[in-house]
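All remarks here apply to the structure that follows.
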Amino acid sequence: MNADSAGSGYESTLVLHIEGMSCNHCRIAVQRALLQVPGVRTAEVDLASGTAKVTFDPTRANRLEMEKAVEGEGYRVSS
Ligand SMILES: [Cu+2]
């Protein structure tokens, strides 16, 4: 492993299926919640399909933390 800690390096992607989003406000609330999880880099939330595509550093973030953030906003994550 090299010592370059510029912030890139490790990156994973996952898709969460989110229940309860009904409008653009919901979409933005979910996106904001995901982006506040440490280690999450990008979150693309799609209202029509009810999904959120997240890229993150797997050494800093995990799915459970993302689910908790989404649920903290009042939405549910289904697997
Ligand atoms: Cu809404």
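Remarks
- Residues within the range 34-79 that are crowded, with 18+ Cβ neighbours inside 10 Å, free of Cβ contacts under 8 Å to residues at least 60 places away in the same chain and β-branched (Val, Ile, Thr), tallied: 5
- Look at the range 16-31: where a residue is of a type in the set (Lys, Arg) and a partner is more than 7 Å from the ligand (Cβ to nearest atom), sitting 6+ places away or on another chain with Cβ atoms under 7 Å, you get Arg27/Val45; Arg27/Leu47.
- When residues of the range 34-54 are limited to those that are more than 16 Å from the ligand (Cβ to nearest atom) and of a type in the set (D, E, K, R), the one farthest from Val77 (Cα to Cα): Arg41
- Hits in the range 7-33 - residues which are away from the ligand (no atom under 16 Å from the Cβ) and either crowded, with 18+ Cβ neighbours inside 10 Å or at positive phi (or both): Gly7, Gly9, Leu16
- Each residue in the range 26-79 was checked for being part of a loop (DSSP other than H, G, I, E, B) and among the aromatic types (Phe, Trp, Tyr), and 1 of them qualify.
FYI, it's all coordinate maths here, none of it is from the lab. Computed from a predicted model, the values in this text were never measured in an experiment. Positions of Cβ are generated from backbone atoms using ideal geometry, with glycine treated the same way; all protein chains shown enter the neighbour counts.
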